[in-house]
Amino acid sequence: MTNFDAAVSAADLTKQYGSGDAQVTALNAVNVAFGRGELTAIMGPSGSGKSTLMHCLAGLDTPTSGQVWLEGARHGDAGRVELSGLRDDALTTLRRDRMGFVFQAFNLLPTLTAWENITLPLDLAGRRPDQAFADTVIEAVGLRDRLHHRPAELSGGQQQRVACARALVSRPDVVFADEPTGALDSRSGAEVLGFLRRSVDQLAQTVVMVTHDPVAAGYADRVLFLADGVIVDELREPSADRVLDRIRSLESVARGGRTSVGAGA
Amino acid sequence: MLRAMLRDLRAHLGRVVMTLAAIVLGVAFVVATWVVSDSAAATVGGAQRTDLAALVHRESEDPTATDIPADVRDRLARLPGVTRAEGVREGYAALVRADGKLGATSWPDAGGTDWDGSQRFTLSAGRGPQRAGEVALEQGAAAEAGLTVGDSARVLLGGDRSDTATVVGVFTYRPAGHELDPAVAYDADTAARLLRPRDAAADVVPGFARIELSGPDERAVIAAAQAELGPGFEVESGSSLRAVREQASHDAADTIRKALLAFAAVALMAGVFVIANTFTMLVTQRTRQFALLRAVGARRRQVRRAVLAEAVVLGLVGSTVGVVLGVGLGLLAMRLLPVAGTVAYAVSPWAVLVGYLVGVVVTVVSAYGSARRAARVSPMAALRTDAVLPRRSLVLRTVLGMLAVAGGVAMVAATSSDRLTESTRALAMSGAVLAWVGVLLIAPVLVVGVLRPLTGVLRSPRPVTRIALRNAVRDPRRTAATASALMIGLSLVCAFATVGQTLTDTTTADVRASVPADAVVLRAATFGTFDDTVRTAAAAVPGVTGLAAPRSGAMLVIGPGGTARDTLFTSLDAAALGSALRVRVTAGDADLRRGVVLDRGFAAEAGLHVGDRVRLRFDAADAAGRVTPVEVPVTVAGLREPSELLHGQLLDDALLPDGVARQGGSVYAVGADAAALRTAMERSFAQRPDVLVQDREQVLDEVLEPFQLVLGLVYVLLGAAVVIAVFGVVNTLALSVLERTRELGVFRALGASRALVRRTVRRESVVISLYGGVLGIGVGVLLGGVMQYVILANPVFAMSVPWLAAAVALAGMALVGVLAALWPARRAARADILAAIATQ
Ligand SMILES: Nc1ncnc2c1ncn2[C@@H]1O[C@H](COP(=O)(O)OP(=O)(O)OP(=O)(O)O)[C@@H](O)[C@H]1O
Ligand SMILES: [Mg+2]
């Protein structure tokens, strides 16, 4: 990975919950980098630490140890920031200006219209949206005629698309999406994923997406597999079938591994 | 199930505390009201005279002979069954303050008495007077004059005399029947020498004012006294005198209680809004839980009862704290109150009982609507993720509110003619109150109608204001309830401020129009009147070019139709009207030589017009003191605006028959050189402690002072309602912040800093408070307009808007908004981002 141009990277990232007997290690010394202009999918069984990884990368959660870097606009730029040293306000500003988010559900502020939701991060920063770019984004998500509706008046898929538009409109360094299609049917899901894909292809956006769905992972440039807080595998140029195969094999490995560990103890 | 609910209540403790605060404050106010009025009753009733079997007065045809000769006392003292017969002296006496003028606490005509060993006196310091040169002072009078034992006191006496004596004691007085507290007491001999009526000739030595009889058998004493004295004397029994005082104390308590209860009711009303709103929110938050209860088999009635049981428990807890606080507050108020003499403290069981009753009833009534809605939750709601309570639509409420507003306005409008009677006044006032209630009802629609357009108008690029406004209109009913609670107290404050401002402006205009700016005004220092010597002395002061000495009395005005009306007259020198004193004429002219000038309101009521011929009937006393009616025919020369300084119908002094009783307490003088005149007047009256020398502005201040005081008290009392409402704002915000944890988390995740979140909540709070403020001030000023219309018969919109009070109120509301948001904003800023974005 010598020439790998990363947008976000993490070193020795560890996250533990609780203490003593009840201690859970959600992330175990994870080293990872997410390529600029790539759609990276994170997969893994439930409880493997996917959400925790993403939260730590986004500065929403503080890791127990290890570092996270948000790289500058270009490799080696001055905009490189290490997250663990930052205070809450600095992290907040960072999230506002340099990251975008799409959550699984409950993304939008119910009192704001779709348009106001989309421009909220810019509003918070006191910036005016770049109208031409905003138009491109809105056109891309196909929400032109829904801009002045409240979230309650939008379908689940439309709401997720509004969230995507919001994540993109400020041209963040990276967009984090935690199971963005989790609450959607396959058609709406495909719309959202197609949109994320296009943002990578056409706008060179960096996207990190957690998903359970091999079909969703099929849209990615690269898939990382997480198990018990460790990255156990990765796949480039995946298709849904290849992802599925890999999951099956990982599951058998995991089963085998657990047996062998059990035997060794 | 009840246990489950109560445990639940405990889990919501934080939210419950605010509700409790509203109950506690309301109950405390009511209980304090009771304690204050009970204590006032005890203070007024005080300790009763138990040593009095009967009191003898002279009942004489001759008004100059009301005193009782000493031999009458001696005859009574010898009667069988009478153990003590004490003659009580009474005379004009008043303490002179350090500034050389009289104080105003006691009634000077009964200001002096003779010291005796009866229960009349209770020493609080020093001893009783024993010889000439010694005097004992009543506590309140001593305090006003700033005198204590050992000081030298100057006492103004009847018959143009004064006396200087050493204060040897300070006492409190125990009056019998309708007696008033005296200011000074001399030993018997000195009292006989010094005490006499105000205008008595110096050489007259009056007898006793009354004779007190003691004896073991009250009836025997009375019978013996009546038999001995025959007609010409009145014998009152000790028990009837005690009953009189008992009644007086009851009346005092009742008056205070009624006045305070009106304010307590306002506070409670604000409390009802706060409590009801909190219950609505508490119930809304637990919709799922109710659904679950229903799903597992709880019947509607059970759910309803459980919520009501919650209310009862809250009511009881709140009442307990409220009763304790109220007793404390009441006792504190009695301590702080400027009451002369010793204050008695009393806490009746009624106070406690009423406190509990009010607390529980108010809470249960407030919670009833919520209980019914909780019971209507369908069991299905437990299965849905977005369970909402069935909401009553606002339509009925709005329609009722509109009707009330329209009806109220119509009622006020219907009374608008220049003739206001008792019943039209009542109708106008009811109309105003009805419209006020109507506004409370339409408040939720107004929230939408006022705040929503505002979100459009304020196309602020800052999301803070936008989100705050949106959040405020999100649940109009809730915002309205919160703001309404504020509005209740605030609108009344503003109504009173409007009335106060109007009265102040009217009075200021009145006094300034009536009295020339450079006039010198002589006024009686105590209780309104002085004798004719003041007028003659003033007229003799060099430099006087005009002198008006209005004096008032009673008369009947008999119109052309023959109907007679009781009224006051004020007579003065026709030549002085227009120079030393002026009137604002509304019809005809103010030339008293041409006839009587009637008060505009009186003329309207009596249907009299300029040019009408009327007869004035006076009671005139002849030289022997016999009173006969005398009629004087006269023309109505003009009509005038009413005035604080000139009461009733104006007549020329020359028109008045001889022997008509009239009294005056002011003399207005003008001269060529105002400053010189003032100095001359001050010099002339330096030796008259009963006469104050003032200018126009001082007169104005004195006229305004009493209602300034009353207004201040009213503001303080209404403050309780505002404080309760502030708890409501805190409550609403805290609960909506709790409801919005997820939303706040997302907001934070997207890059809203903690400070920004705090600011958003604060702004929402300010929006709600200002909405309540604007509504309260607007409605209050209009209500005040109607109130001053009812009181002063001014047109409704002729009110003076109390701009300063309104500005202060609005700024206060903004501050309330900021303060109320303190805790909820901090809470919101702590919203856990991860918890918010986690899926369930
Ligand atoms: N706040 C917390 N306290 C304690 N343990 C936690 C907490 N949050 C997560 N965990 C634990 O950390 C581990 C990783 O959780 P995480 O939410 O990252 O899993 P995930 O891969 O996102 O799972 P899913 O696919 O179900 O969303 C799990 O074992 C979980 O129980
Ligand atoms: Mg997860």
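The values are calculated or read from the model by the stated rules, or taken from the named source; none is laboratory data. Treat the numbers as computed from the prediction; the structure is a model and nothing was measured. Here Cβ is always computed from backbone atoms with ideal geometry, including for glycine, and neighbour counts include all displayed protein chains.
Points worth noting:
- Residue in the range A:54-66 that is assigned to a strand (DSSP E or B) and more than 14 Å from every other protein chain (Cβ to nearest Cβ) present: yes
- Selection of the range A:14-26 for residues being surrounded by 11 or more Cβ atoms within 10 Å (Cβ to Cβ) and hydrophobic (A, V, I, L, M, F, W, C) yields A:VAL24, A:ALA26.
- Sub-8 Å Cβ pairs linking a first residue in the range A:211-234 that is within 14 Å of chain B (Cβ to nearest Cβ) to a second residue that is away from ligand 1 (no atom under 12 Å from the Cβ), at least 6 apart or interchain, are A:THR211/A:ALA41; A:THR211/A:PRO180; A:THR211/A:THR181; A:THR211/A:ALA217, ordered by first then second residue.
- Test: residue in the range B:127-146 that is at pLDDT below 85, of a type in the set (D, E, K, R) and buried (at least 16 other Cβ atoms within 10 Å of the Cβ): yes
- Only one of A:ALA7, A:ALA11, A:ALA29 that is surrounded by 17 or more Cβ atoms within 10 Å (Cβ to Cβ) and part of a strand (DSSP E or B): A:ALA7
- Across the range A:228-248, the qualifying residues are those that are of a type in the set (Val, Ile, Thr) and part of a strand (DSSP E or B), and the one among them that is nearest to the chain's Cα centre (by Cα) is A:ILE231.
- Residue within the range B:717-725 that is within 14 Å of chain A (Cβ to nearest Cβ) and either within 30 Å of A:LEU122 (Cβ to Cβ) or of a type outside the set (Gly, Ala, Ser) (or both) present: no
- When residues in the range B:743-764 are screened for being more than 50 Å from the chain's Cα centre (by Cα) and assigned to a helix (DSSP H, G or I), 5 of them pass.
- Being assigned by TED's automatic domain parsing to the domain that holds B:ASP619, within 20 Å of B:ALA94 (Cβ to Cβ) and surrounded by fewer than 20 Cβ atoms within 10 Å (Cβ to Cβ) holds for only one residue in B:ALA525, B:ALA537, and it is B:ALA537.
- Residue that is under 30 Å from B:ARG161 (Cβ atoms), surrounded by 16 or more Cβ atoms within 10 Å (Cβ to Cβ) and not polar (S, T, N, Q), where the choices are B:VAL699, B:VAL634, B:VAL670: B:VAL699
- Residue in the range B:233-240 that is closer than 23 Å to B:PRO379 by Cα and either small (Gly, Ala, Ser) or surrounded by 22 or more Cβ atoms within 10 Å (Cβ to Cβ) (or both) present: no
- Residue within the range B:265-278 that is surrounded by 19 or more Cβ atoms within 10 Å (Cβ to Cβ) and more than 41 Å from the chain's Cα centre (by Cα) present: no
- Taken as a whole, the range A:92-107 holds at least one residue that is of a type in the set (Phe, Trp, Tyr), at pLDDT 85 or above, within 16 Å of ligand 1 (Cβ to nearest atom) and under 18 Å from the mean Cα position of the chain (by Cα).
- One residue from A:LEU53, A:LEU39 being more than 8 Å from ligand 1 (Cβ to nearest atom), buried (at least 17 other Cβ atoms within 10 Å of the Cβ) and at pLDDT 90 or above: A:LEU39
- Total residues in the range A:117-133, condition within 8 Å of chain B (Cβ to nearest Cβ) and crowded, with 20+ Cβ neighbours inside 10 Å: 4
- Among residues of the range A:77-112 being buried (at least 19 other Cβ atoms within 10 Å of the Cβ) and among the polar types (S, T, N, Q), the one that is farthest from the other protein chains (Cβ to nearest Cβ) is A:ASN107.
- Positions within the range A:134-152 being away from chain B (no Cβ under 14 Å), surrounded by fewer than 18 Cβ atoms within 10 Å (Cβ to Cβ) and either under 24 Å from the mean Cα position of the chain (by Cα) or assigned to a helix (DSSP H, G or I) (or both), in sequence order: A:ASP135, A:THR136, A:GLU139, A:GLY142, A:ARG144, A:ASP145
- Only listed residue being modelled with pLDDT of 90 or more and either within 29 Å of the chain's Cα centre (by Cα) or farther than 24 Å from B:ALA637 by Cβ (or both), chosen from B:PHE569, B:PHE618: B:PHE569
- Identity of the residue in the range A:158-168, touching a residue at least 60 places away in the same chain (Cβ under 8 Å) and away from every other protein chain (no Cβ under 12 Å), that ends up farthest from ligand 1 (Cβ to nearest atom): A:LEU168
- Exclusive hit being in contact (Cβ under 8 Å) with a residue 24 or more places away in the chain, within 16 Å of ligand 2 (Cβ to nearest atom), assigned by TED's automatic domain parsing to the domain that holds B:VAL723 and among the hydrophobic types (A, V, I, L, M, F, W, C), set B:ALA828, B:ALA836: B:ALA836
- Filtering B:GLY543, B:GLY561 for residues that are out of contact with any strand residue (DSSP E or B) (no Cβ under 8 Å at 6 or more places or on another chain) and away from every other protein chain (no Cβ under 14 Å) leaves a single hit, B:GLY561.
- Subset of the range A:24-36 that is more than 18 Å from the chain's Cα centre (by Cα) and within 9 Å of ligand 1 (Cβ to nearest atom) - its residue that is farthest from the other protein chains (Cβ to nearest Cβ): A:THR25
- Residues in the range B:100-123 that are within 30 Å of the chain's Cα centre (by Cα) and more than 22 Å from B:ILE68 (Cα to Cα): B:LYS101, B:LEU102, B:GLY103, B:ALA104, B:THR105, B:SER106.
- Among the candidates B:VAL511, B:VAL499, B:VAL521, residue that is β-branched (Val, Ile, Thr), in contact (Cβ under 8 Å) with a residue 40 or more places away in the chain, more than 30 Å from A:GLU116 (Cα to Cα) and not in a helix (DSSP H, G or I): B:VAL521
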